[in-house]
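One structure is given here, and the rest of the page talks about it.
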Amino acid sequence: MSGQSSIALKEEGNRHFQKGDYVAAEALYTKAILSDPTNPLLYTNRAMARLKMSRWDSVIEDCEECLRLSSLSSSSSTPGSKAPGSKNFKALYYLSQAHLPLKNYDQAVSYALEAHKICAETHDKSLAAVTSQVLKCKKERWEHREKLRRREEQELEGEVVEILRGEMEGLLKGSDDEAEKKETEKMYEDKIERIRAAFERAREKENQRRPNPPDWAIDDISFQVMVDPVMTKTGKSYERASIEEHLRRSETDPLTRAPLTIKDLMPNIDLKHACEEFLNENGWAVDW
């Protein structure tokens, strides 16, 4: 009875969600959870509605509970059976989306990568969306780190100038010779000007137009920096999400038109590490 009731409530919640009535959907998902509190999938339904309402902390709570219940289900399953497991990709995907606006960048990247790994292993059709989330998280984390770095540089510039001014003031106070004071003051003002000019040149260099990302990092289907490159039989590498989506439409090599299936794809580990390193240092390239 309770199982049927929770399913009916969930389906009604889905109908409200599809209409954009997220408040009503959340309320119905909550009723479904009260009816069947051990069903982990109900928590991701409610998390989905709460995402639409920007209730980030509540999304995190629901997804963590989903993962906890999934873990219990996995540990109690019989050997060799395919239980949901503790790694529910939707919960991980939603966790990434909730942590990002809270500026928990490392958590957002980590959960997105976990979700991506599961989608890649299961060839889930959501792989493209999860790949986009990985790129978005990495870009925003890079931007945040850049802001911190620039702030630190500005603070360092100010500290260096203050140290020089302090030294100058000390020398001026210890001298009664006006000519010597003027010479000392001019020497330090010149130093300060050179310091400021050096910092300004560094800033101008950073603000110059960046070159295009290297060709080896770009997927020829999506034209984005690759997250998980895989090779075809010819040795050509593509983003996994892009080539799998292509192969669902046509089981042919995009370049040669020869027969090709998802099973023929091989991970390009070296290129994956190179792309990851490039993105960590050049997050701007996500939107090149």
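If you run the Gaussian network model on the chain, springs between alpha carbon atoms under 10 Å, then out of Gln97, Gln208, Gln18 the most flexible one is Gln208.
Over the stretch 186-288, with every protein chain in place, what whole percent of the accessible area is carbon and sulfur at 1.4 Å, could you tell me?
The value for the stretch 186-288 is 51 percent carbon and sulfur by accessible area.
FRET efficiency for His246 and Arg150, Cβ-Cβ distance as r, R0 = 45 Å, nearest 0.05? It comes out at approximately 0.65.
Peptide packing: for 154-167, 219-232, 243-256, the average count of neighbouring Cβ atoms within 10 Å per residue gives the ranking 219-232, 243-256, 154-167, highest mean first. Straight-line reach from Lys236: taking Cα to Cα under 17 Å and skipping same-chain neighbours fewer than 8 places apart, the aspartates and glutamates in range are Asp215, Asp219, Asp220, Asp228, Glu244, Glu245, Glu251, Asp253, Asp264, Asp270. Counting only residues at least eight positions apart within a chain, or on another chain, the lysines with an alpha carbon under 30 Å from that of Lys10 are Lys19, Lys31, Lys52, Lys82, Lys87, Lys90, Lys117, Lys125. In terms of its alpha-carbon gyration tensor, the stretch 122-186 comes out prolate; a/c meets the 1.5 threshold, and the first ratio a/b outweighs b/c. Spatial offset of the stretch 194-248 relative to the stretch 123-146 amounts to 14 Å, using the alpha carbon center of each. Determine the shape class of the stretch 149-207: with a ≥ b ≥ c the square roots of the Cα gyration tensor eigenvalues, call it rounded for a/c under 1.5, and otherwise prolate if a/b is greater than b/c, oblate otherwise. Taking the square roots of the gyration eigenvalues as a ≥ b ≥ c, the stretch 149-207 is oblate. Looking at the chain, the accessible area is 59 square angstrom per residue; that uses a 1.4 Å probe and ignores ligands, DNA and RNA. Please state the shape class of the stretch 1-78: rounded when a/c is under 1.5, otherwise prolate if a/b exceeds b/c and oblate if not, all from the C-alpha gyration tensor. Because a/c hits 1.5 or more and a/b fails to exceed b/c, the stretch 1-78 counts as oblate. Placing +1 on the Cβ of every Lys and Arg and -1 on the Cβ of every Asp and Glu, with nothing else charged, gives the chain a dipole about its Cα centre of roughly 1620 debye. Within the stretch 216-287, the percentage of alpha carbon pairs spaced more than 22 angstrom apart rounds to 20%. A full extension of the chain between Arg210 and Leu164 corresponds to an added length of 13.1 nm, given 0.36 nm per residue minus the alpha carbon distance. Taking amide H positions as modeled 1.01 Å from N, with prolines and chain starts lacking one, the residues under 5 Å from Asp253 and 5 or more places away or on another chain are Ala258, Leu260. Compactness of the chain was expressed as the Cα radius of gyration divided by 2.2 N^0.38 Å, which yields 1.46.
The values are calculated or read from the model by the stated rules, or taken from the named source; none is laboratory data. Note that the structure is a prediction, hence the values are computed from the model and not measured. As a convention, Cβ positions derive from the backbone with ideal geometry for all residues, glycine included, and neighbour counts pool all protein chains shown. These accessible areas exclude ligands, DNA and RNA; they are computed on the full protein's heavy atoms, side chains included. Shrake-Rupley method; radii C 1.70, N 1.55, O 1.52, S 1.80 Å.
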